[in-house]
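Written below as structure tokens is the structure these notes are about.
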Amino acid sequence: MTTLTAERGASGTDSRDHVPLLDALRDAIGAAYVLTDAQDLATRLVEDRGLRSGTAIALLRPGSTEEVATCLRLCQTAKVPVTPQGGNTGLAGGGVPDGGIILTTDRLNRIRQVDPTNATMTVEAGCILANIQAAADEVDALFPLSLASEGSCQIGGNLSTNAGGTAVLRYGNTRDLVLGVEVVLPDGRVLNDLNGLRKNNTGYDLKNLFIGAEGTLGIITAAVIKLFPKPTARATALVACTGPDPALALYARMRSQTADTLSTFEYIDRLGLQMVVDHAPGCSDPMVEVHPAYCLIELTGNGAQADLDARLEGALEAAFEAEEIIDAVIGASEAQKDALWALRENLSEAQKPEGASIKHDVSVPVSRVADFIKVATQACMDHMPGLRPCPFGHFGDGNLHFNLSRPVDMADADFLAEYGAFNRIVHDIVHEMGGSFSAEHGIGTFKRAELRRYKDPVALELMEQLKAVLDPGQMLNPGKVL
Ligand code: FAD
Ligand code: ZN
């Protein structure tokens with residue numbers, strides 16, 4: 001179909017300059033999968049929170065690794081850059097195109113192989129994370145990666161951002177859950193490193209170059225991921241404490257008293273819990289009293305439920321005695337456990353009705369996480385009295401979403417004008433503590449300047465050299481990360 005928007009391209013990018021390329025792409029993957037209509041591109045041009053938007057000539061939907069390779073080859077010849085996209089749930093602007101072509105992996109959605117004995121699954125990049133979890137469940141196994149966006153993010157996006165989530169404490173980041181990858185390089189060559197080996201010392205570990213590269217070095221088309229024994233029991237509690245210091249003491253206790261059954265230790269400030277109670281449908285405060293801070297704790301295991309419950313209760317009793325916690329609610333049924341989880345899962349969404357917020361995704365050594373919350377909160381309050389800090393997140397990984405909601409009576413725009421100033425305050429403290437200004441969401445476009453500021457200069461130089469070797473023509477996701 002030729003329409004005015006097709007000729008002009010979506011968002012004003014003129015696709016008439018690229019007629020031969022678009023024709024060749026249609027021949028290669030089918031006209032139905034080369035979309036140029038503005039309506040088809042609209043949601044692909046904007047990042048999840050609407051903070052940044054871009055332009056593109058077309059959206060490609062190849063259906064196989066070979067088709068991805070052909071697309072990249074044709075685009076390279078025509079010198080038209082390509083932005084890979086999965087579920088477009090990334091929070092760093094990495095999937096927003098800046099002209100050129102968007103290539104989505106949504107049709108690469110097959111589970112190629114499940115090998116329960118090897119405890120692996122070979123999945124294509126466009127498989128939605130929740131579908132992979134369900135496929136693992138079908139063979140009585142667990143794929144532990146878990147994020148609030150799991151119903152729409154894709155495994156290719158998870159790999160490309162080295163996503164974290166709520167089970168890192170026990171199972172690691174996405175990087176730790178991958179054994180092999182298949183990648184199409186910018187010039188169309190296919191790197192087949194799709195092995196399911198737990199031991200393989202045959203030179204450089206190339207797969208880890210592409211994991212976390214945010215689509216700047218190659219397009220991941222498939223991966224071999226690890227499966228784990230499915231837990232038969234989980235014990236879940238929300239506990240209240242007087243602040244970050246007792247929360248850290250509690251974390252250390254849980255580590256030592258519950259050993260490797262501890263799979264979640266998440267922190268929620270009172271303001272965050274209040275926002276969830278106020279704005280998330282069906283969520284209520286499970287405690288009678290109001291407390292300064294909360295931790296969501298979950299143990300999972302393969303023994304009897306009663307044993308796990310006893311282990312959790314024993315640790316919490318000791319924590320009460322040591323005055324690390326002042327209140328606790330233990331989920332007595334699966335529904336109650338889910339209700340406790342909902343308090344954490346709705347946190348990001350519940351901040352939206354409270355007006356603009358300035359977000360930080362930072363990590364420090366776990367031993368410094370309480371200090372970080374105290375020091376950064378004070379520094380930000382000093383900068384703007386009336387500010388509403390809302391730190392929450394993966395306390396047990398040393399990773400906090402240190403979000404700042406605007407003062408109640410301040411205009412959103414006036415508050416957002418301080419984004420850079422708050423970034424500097426928070427990231428300097430993080431840096432001072434030996435931490436990272438980007439723990440799990442990546443660099444994309446949002447944090448490029450921070451990368452220049454904080455990354456070791458030799459590391460930056462090596463990253464640039466690697467980019468030049470793999471993508472000399474700057475064909476893949478230009479303007480992202482570096
Ligand atoms: P996209 O957003 O489409 O892409 C992300 C980046 O990867 C882009 O740079 C893109 O170019 C590149 N890319 C995508 N697919 C490929 C591919 N096949 N090959 C090469 N490059 C590719 N993240 C966390 O880490 N932990 C969380 O707890 C978490 N919670 C979230 C909760 C919500 C409600 C939302 C909206 C997001 C959350 N995120 C979280 C961020 C996001 O979901 C993750 O970054 C996710 O891994 C992105 O997957 P995606 O398929 O949406 O990727
Ligand atoms: Zn997170």
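Observations
- Once the stretch 115-144 is narrowed to residues that are free of Cβ contacts under 8 Å to residues at least 60 places away in the same chain and touching a strand residue (DSSP E or B) at 6+ places or on another chain (Cβ under 9 Å), the residue that is surrounded by the fewest Cβ atoms within 10 Å (Cβ to Cβ) is Glu138.
- Unmet criterion (only one of (1) among the β-branched types (Val, Ile, Thr); (2) within 13 Å of ligand 1 (Cβ to nearest atom); (3) over 29 Å from Ala370 (Cα atoms)) for Ile443: (3)
- Those residues of the stretch 155-176 which are away from ligand 2 (no atom under 16 Å from the Cβ) and touching a Pro at 6+ places or on another chain (Cβ under 8 Å), in sequence order: Gly156, Ser160
- Residue, nearest to Asp48 (Cα to Cα), within the stretch 447-471, restricted to residues that are in contact (Cβ under 8 Å) with a residue 40 or more places away in the chain and in a loop (DSSP other than H, G, I, E, B): Lys447
- The C-beta contact set for the stretch 424-441 (first residue within 15 Å of ligand 2 (Cβ to nearest atom), second residue of a type in the set (Phe, Trp, Tyr), distance under 7 angstrom, 6+ apart or interchain) comprises Phe437/Tyr454.
- Restricting the stretch 170-182 to residues that are in a helix (DSSP H, G or I) and in contact with a strand residue (DSSP E or B) (Cβ under 6 Å, 6 or more places away or on another chain), the residue that is nearest to ligand 1 (Cβ to nearest atom): Leu177
- Residues that are acidic (Asp, Glu) and open to solvent by 40 Å² or more (accessible area, probe 1.4 Å), drawn from the stretch 447-467: Asp456, Glu461, Glu464
- Flag for Thr83 being touching a residue at least 24 places away in the same chain (Cβ under 8 Å), more than 8 Å from ligand 1 (Cβ to nearest atom) and among the polar types (S, T, N, Q): no
- Only one of Phe402, Phe437 that is touching a Pro at 6+ places or on another chain (Cβ under 9 Å) and within 16 Å of ligand 1 (Cβ to nearest atom): Phe402
- When the residues of the stretch 84-119 are filtered to those that are out of contact with any Lys or Arg (no Cβ under 8 Å at 6 or more places or on another chain) and of a type in the set (Val, Ile, Thr), the one that is farthest from ligand 2 (Cβ to nearest atom) is Thr117.
- Condition broken by Ala306, with the remaining ones in (1) in a helix (DSSP H, G or I); (2) among the aliphatic types (A, V, I, L, M); (3) open to solvent by less than 20 Å² (accessible area, probe 1.4 Å) satisfied: (3)
- Among the residues here, Ser152 qualifies as within 30 Å of Arg52 (Cα to Cα) and surrounded by fewer than 19 Cβ atoms within 10 Å (Cβ to Cβ).
The values are calculated or read from the model by the stated rules, or taken from the named source; none is laboratory data. Everything numeric here is computed off the predicted structure, so don't read it as measured data. Backbone-built Cβ (ideal geometry, glycine too); neighbour counts: all protein chains shown. To get the accessible areas, we keep the full protein, side chains included, count just its heavy atoms, and leave off ligands, DNA and RNA. Shrake-Rupley method; radii C 1.70, N 1.55, O 1.52, S 1.80 Å.
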